[in-house]
Amino acid sequence: MYVYDDFDQKIVDQRVAQFRDQTRRYLAGELTEDEFRPLRLQNGLYIQRYAPMLRVAVPYGELNSKQVRMLAHIARTYDRNYGHFTTRQNIQFNWPALENVPQILADLSTVQMHAIQTSGNCIRNTTSDQFAGVAHDEIVDPRPWCEIIRQWSTFHPEFAHLPRKFKIAVNGAVEDRAAIRVHDIGISIVKNDAGETGFAIYVGGGLGRTPIVGALIKPWLEKHHLLSYLDAVLRVYNRYGRRDNKYKARIKILVKAMTPEAFGAKVEQEWVHLKDGPTTLTDAEIARVSKFFVDPAYETLPGDDAAYLAAKASNPAFARWVQRNVFGHKQPGYAAVTLSLKKTGIAPGDATDAQLDAVADLSDQYSLGEVRVSHEQNLILPYVKQADLFAVWEKAKEIGFATPNIGLLTDIVCCPGGDFCSLANAKSIPIAEGIQRKFDDLDYLFDLGELDINISGCMNSCGHHHVGHIGILGVDKNGSEWYQISLGGRQGKHAALAKVIGPSFAQEAIPDVIEQIINVYVESREDSEHFVDVVDRLGIAPFKQRVYAKELAHD
Amino acid sequence: MTEIIKQRQIVEDDAQLIRLGEDGSFAELPASGRIIVPLKQWQAQRDALLARGDFGVWLASDEEAETIAADIGHFALIALDFPAFIDGRNYSNARLLRDRYGYKGELRAIGDVFKDVILLMKRCGFDAFAVRPDKDIHEALKGLDDFTEYYQGATDEPLPLFRRRA
């Protein structure tokens, strides 16, 4: 992974000093609340329902064991012994005291971490495929490009105060595990017929109040021009994005208003002036950054380890875990393991200090000291030998991270919701738990197969409910919490937005409603048809009919 | 006397900022002394201003650098307004005036200008900062040194770090 040099370290250290001074001036009354708010947000610090919340950046989801131990230290020392992994591959701490935040940032800087631009109206943490560099279906490793974008976007002076937040995602594999079509800019790394690397650029995707799938405005961008093109997109947005209404300020609204064609043409006009300027990437820089992401020294191993295959054959529980939580590796004899942070009864994405320390130990022992965070809020050990999988499984069970449910109904993506977040209309964690408890039969879950449930506590859509096969959105009606259900969303290459089935339901009704929906699926599926394919084939009508026949809804 | 930061020095302000009346009307201009007029007044009273001399023009955040690109040789200075520091449009205007239209004269930030934003402004090409009167200008000046290294190229240092890394 990327390692800071003196320049990188100095920039982060100077940020710590700057934020320490800003916090001091705020506490001394020299900065008003209105002045301090945008400044602290650009450092990931929210003032939440009960306490401040600090969001720490995990650039494109990559961590080393030392950094994971530091996160454990922060949870233990400054918080209530846990952190929450987010749908943007970051981690949030829910209970730090404002006065301690500068020291937390100083601690983070000792392991090359920070909270820069994890919130606010600026370019946020660039996200990517959690299996980058190891995926069996990878075309180009996206991580060097993510790092190049991270450096370009860090404290970019022209784009520090955009109309609204701005999120960039990069995918380099056949499957899109980075959800690039629902980002402000989605970058797909592609190769042309000559085998050269370049980019396809999508703009104007996003969830929130107005969900839109991004439009392709540049099918081929030669790699050296990546940053000047991004400068051009951002400049057009910075100048012409709406600033009069925060609900209409995202780039998607501008792209829609102008049409993607006209927006793309405007970007081209701007880019003509910037192209071939000093920001043009050099081969030396691409090589410098890429060398941090070369393959580790893999052992030459047989493709299928005999002891591993034997354990799989004789131990059904292990086999089940392998089926769901082990992902195909590009290197024979290796695997990527997903540690499930979706155990029933625990808020999705939460990890305690002890669990984080244990994950760091596991990664040191079995995964070359590296850990990844997925946008589905799980952790990944990317370099596990097949021969070690059984041992990793046993230890993951001890930690509580071995639930064999990756991609299944109980692997629920969920925002912190009304239990923590001051923006939320409704709670989301208890909804997830209610559903997990209803579906507690593992055989049945496996039989149901791949099914994404996404829960957001409000329209800001941090739980990405628009792209869940089943989406659940918390809404406020006359001061009480209700939940709207939508069906048929998808992330990835064939991203689609879910359709709302009708009036919303009370919290208690949700597990039964989900059960009714699942029953319609089970009765209607043909062969091994997935849930979302059945929804596509039948439409939402039969689901709607079943659910509302029982009069569970509230208008 | 009002003080202003120019070229990293705190100096006496030599220019009077003229704003539009609340109804959009033009103010009467003083006969002498340096003035900074709103874009609309420059467009409406071009000949009179050229005859008077010693004037600059200022742009609101929703006005565009392109509108004065052909005229930059006439201005003693150009000012760009930040009605609130979170309105970042004039960062782009500043860069366009410097990088694209070759403006070399004084480029002044006016409005919501204080310690925590002036380095961003400097990087985008501003060399003069009319710090908000209720903020400590000496404290604000220190903001220019919050960072000494930058990743991306900008107007003050067009070379990105990757072209300068040792």
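Counting only helices (runs of 4 or more DSSP H) that fall entirely inside the range A:438-554 and contain at least 1 residues that are surrounded by 22 or more Cβ atoms within 10 Å (Cβ to Cβ), the qualifying elements are A:510-524, A:531-538, A:541-549.
If I filter the range B:84-100 for residues that are free of Cβ contacts under 8 Å to residues at least 24 places away in the same chain, aromatic (Phe, Trp, Tyr) and facing chain A (nearest Cβ under 9 Å), do I get at least one hit? The answer is no, given that none of the residues of the range B:84-100 is free of Cβ contacts under 8 Å to residues at least 24 places away in the same chain, aromatic (Phe, Trp, Tyr) and facing chain A (nearest Cβ under 9 Å).
The single condition from (1) of a type in the set (Lys, Arg); (2) over 23 Å from the mean Cα position of the chain (by Cα); (3) more than 14 Å from every other protein chain (Cβ to nearest Cβ) that residue A:343 fails is (2). Could you please let me know if residue A:504 is in contact with a His (Cβ under 7 Å, 6 or more places away or on another chain) and over 30 Å from residue A:188 (Cβ atoms)? It is true that residue A:504 is in contact with a His (Cβ under 7 Å, 6 or more places away or on another chain) and over 30 Å from residue A:188 (Cβ atoms). Looking only at residues in the range A:26-44 that are among the charged types (D, E, K, R) and either outside any helix (DSSP H, G or I) or facing another protein chain (nearest Cβ under 8 Å) (or both), the one that is nearest to residue B:87 (Cα to Cα) is A:35. Tell me which residues, restricted to the range A:1-13, are surrounded by 14 or more Cβ atoms within 10 Å (Cβ to Cβ) and within 11 Å of another protein chain (Cβ to nearest Cβ). Within the range A:1-13, A:7, A:8, A:9, A:10, A:11, A:12, A:13 qualify. In the range A:280-308, which residues are free of Cβ contacts under 8 Å to residues at least 60 places away in the same chain and closer than 30 Å to residue A:201 by Cα? Matches in the range A:280-308: A:280, A:282, A:283, A:284, A:287, A:288, A:291, A:294.
Which of the residues spanning the range A:302-331 are touching a Leu at 6+ places or on another chain (Cβ under 6 Å) and either assigned to a loop (DSSP other than H, G, I, E, B) or surrounded by fewer than 17 Cβ atoms within 10 Å (Cβ to Cβ) (or both)?
Taking the range A:302-331 and keeping what is touching a Leu at 6+ places or on another chain (Cβ under 6 Å), we get A:308.
Passing the criteria: none in range.
Cβ-Cβ contacts under 6 Å between residues 6 or more apart (or on different chains), taken from a first residue in the range B:62-78 that is within 14 Å of another protein chain (Cβ to nearest Cβ) to a second residue that is in a helix (DSSP H, G or I) and buried (at least 19 other Cβ atoms within 10 Å of the Cβ), are listed as B:65/B:93; B:65/B:96; B:65/B:97.
Within the range A:150-183, the residues that satisfy the criterion of being among the aliphatic types (A, V, I, L, M) and within 14 Å of chain B (Cβ to nearest Cβ) are A:160, A:162.
Looking only at residues that are surrounded by fewer than 24 Cβ atoms within 10 Å (Cβ to Cβ) and either part of a helix (DSSP H, G or I) or within 19 Å of the chain's Cα centre (by Cα) (or both) in the range A:134-143, which one is farthest from the other protein chains (Cβ to nearest Cβ)? So that I can check it myself, show each step before the final result.
Pass one, the range A:134-143, residues surrounded by fewer than 24 Cβ atoms within 10 Å (Cβ to Cβ): A:135-141.
Imposing the further condition that a residue be either part of a helix (DSSP H, G or I) or within 19 Å of the chain's Cα centre (by Cα) (or both) reduces the set to A:135, A:138, A:141.
On the way: A:135: 27, A:138: 25, A:141: 19 Å.
Checked the range A:134-143; the qualifying residue farthest from the other protein chains (Cβ to nearest Cβ) is A:135.
State which residue is surrounded by the most Cβ atoms within 10 Å (Cβ to Cβ) when the search covers only the range A:332-343 and only residues that are part of a loop (DSSP other than H, G, I, E, B) and touching a Leu at 6+ places or on another chain (Cβ under 7 Å). Spell out the reasoning first.
Looking only at the range A:332-343, we keep the residues that are part of a loop (DSSP other than H, G, I, E, B), and these are A:332-333, A:340-343.
After this cut, where a residue has to be touching a Leu at 6+ places or on another chain (Cβ under 7 Å) as well, the list is A:332-333, A:341.
Working: A:332: 14, A:333: 17, A:341: 25.
Checked the range A:332-343; the qualifying residue surrounded by the most Cβ atoms within 10 Å (Cβ to Cβ) is A:341.
Yes or no: the range B:131-145 includes at least one residue that is touching a residue at least 60 places away in the same chain (Cβ under 8 Å), touching a helix residue (DSSP H, G or I) at 6+ places or on another chain (Cβ under 8 Å) and either within 21 Å of residue A:230 (Cβ to Cβ) or buried (at least 23 other Cβ atoms within 10 Å of the Cβ) (or both). Yes; the residues of the range B:131-145 include at least one that is touching a residue at least 60 places away in the same chain (Cβ under 8 Å), touching a helix residue (DSSP H, G or I) at 6+ places or on another chain (Cβ under 8 Å) and either within 21 Å of residue A:230 (Cβ to Cβ) or buried (at least 23 other Cβ atoms within 10 Å of the Cβ) (or both). Are any residues in the range A:175-204 touching a residue at least 60 places away in the same chain (Cβ under 8 Å) and in a loop (DSSP other than H, G, I, E, B), and if so, which ones? Of everything in the range A:175-204, those that are touching a residue at least 60 places away in the same chain (Cβ under 8 Å) and in a loop (DSSP other than H, G, I, E, B) turn out to be A:175, A:176, A:177, A:178, A:179, A:184. Kindly evaluate residue A:358 against the criterion of being more than 21 Å from the chain's Cα centre (by Cα) and under 19 Å from residue A:75 (Cβ atoms). So residue A:358 fits the description; yes.
Run down B:51, B:109, B:84, B:70 and say which single residue is buried (at least 22 other Cβ atoms within 10 Å of the Cβ) and either more than 15 Å from the chain's Cα centre (by Cα) or within 21 Å of residue A:35 (Cβ to Cβ) (or both). I'd like the intermediate steps shown before the answer.
Numbers: B:51 fails: buried (at least 22 other Cβ atoms within 10 Å of the Cβ); B:84 fails: buried (at least 22 other Cβ atoms within 10 Å of the Cβ); B:70 fails: buried (at least 22 other Cβ atoms within 10 Å of the Cβ).
That would be B:109, the only listed residue that is buried (at least 22 other Cβ atoms within 10 Å of the Cβ) and either more than 15 Å from the chain's Cα centre (by Cα) or within 21 Å of residue A:35 (Cβ to Cβ) (or both).
This table checks each residue for (1) in the same structural domain as residue A:236 (by TED's automatic domain parsing); (2) modelled with pLDDT of 95 or more; (3) touching a Ser or Thr at 6+ places or on another chain (Cβ under 6 Å); (4) in a loop (DSSP other than H, G, I, E, B).
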{"position": "A:247", "(1), (2), (3), (4)": "yes, no, no, no"}
{"position": "A:256", "(1), (2), (3), (4)": "yes, yes, no, no"}
{"position": "A:262", "(1), (2), (3), (4)": "yes, yes, no, no"}
{"position": "A:266", "(1), (2), (3), (4)": "yes, yes, no, no"}
{"position": "A:271", "(1), (2), (3), (4)": "yes, yes, no, no"}
{"position": "A:278", "(1), (2), (3), (4)": "yes, yes, no, yes"}
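Determine whether residue A:286 is within 14 Å of another protein chain (Cβ to nearest Cβ), in contact with a Lys or Arg (Cβ under 8 Å, 6 or more places away or on another chain), surrounded by 15 or more Cβ atoms within 10 Å (Cβ to Cβ) and aliphatic (A, V, I, L, M). Yes; evaluated as a whole, the condition is true for this residue. For the range A:14-25, the tally of residues that are within 10 Å of chain B (Cβ to nearest Cβ), touching a residue at least 60 places away in the same chain (Cβ under 8 Å) and of a type in the set (S, T, N, Q) stands at 0.
Is it the case that residue B:142 is among the basic types (Lys, Arg) and assigned to a loop (DSSP other than H, G, I, E, B)? So residue B:142 does not fit the description; no.
Counting only residues that are free of Cβ contacts under 8 Å to residues at least 60 places away in the same chain and either within 21 Å of the chain's Cα centre (by Cα) or surrounded by fewer than 17 Cβ atoms within 10 Å (Cβ to Cβ) (or both), how many does the range A:93-102 have? Qualifying residue count for the region: 2. On the stretch given as the range A:25-77, residues that are closer than 18 Å to residue A:422 by Cβ and surrounded by fewer than 21 Cβ atoms within 10 Å (Cβ to Cβ) total 12. Just one residue in the set A:354, A:402, A:391, A:426 is touching a residue at least 12 places away in the same chain (Cβ under 8 Å) and out of contact with any Phe, Trp or Tyr (no Cβ under 8 Å at 6 or more places or on another chain); that residue is A:354. Only one entry of A:88, A:76 meets the criterion of being within 22 Å of residue A:1 (Cα to Cα), basic (Lys, Arg) and not assigned by TED's automatic domain parsing to the domain that holds residue A:245, and that entry is A:88.
Which residues, taken from the range B:135-166, are touching a Phe, Trp or Tyr at 6+ places or on another chain (Cβ under 8 Å), small (Gly, Ala, Ser) and facing another protein chain (nearest Cβ under 9 Å)? The answer is B:143, and nothing else.
The values are calculated or read from the model by the stated rules, or taken from the named source; none is laboratory data. If you're wondering where the values come from, they're calculated on a predicted model, not measured in any experiment. Neighbour counts are summed over all protein chains in view; Cβ atoms, including those assigned to glycine, are modelled from backbone coordinates with ideal geometry.
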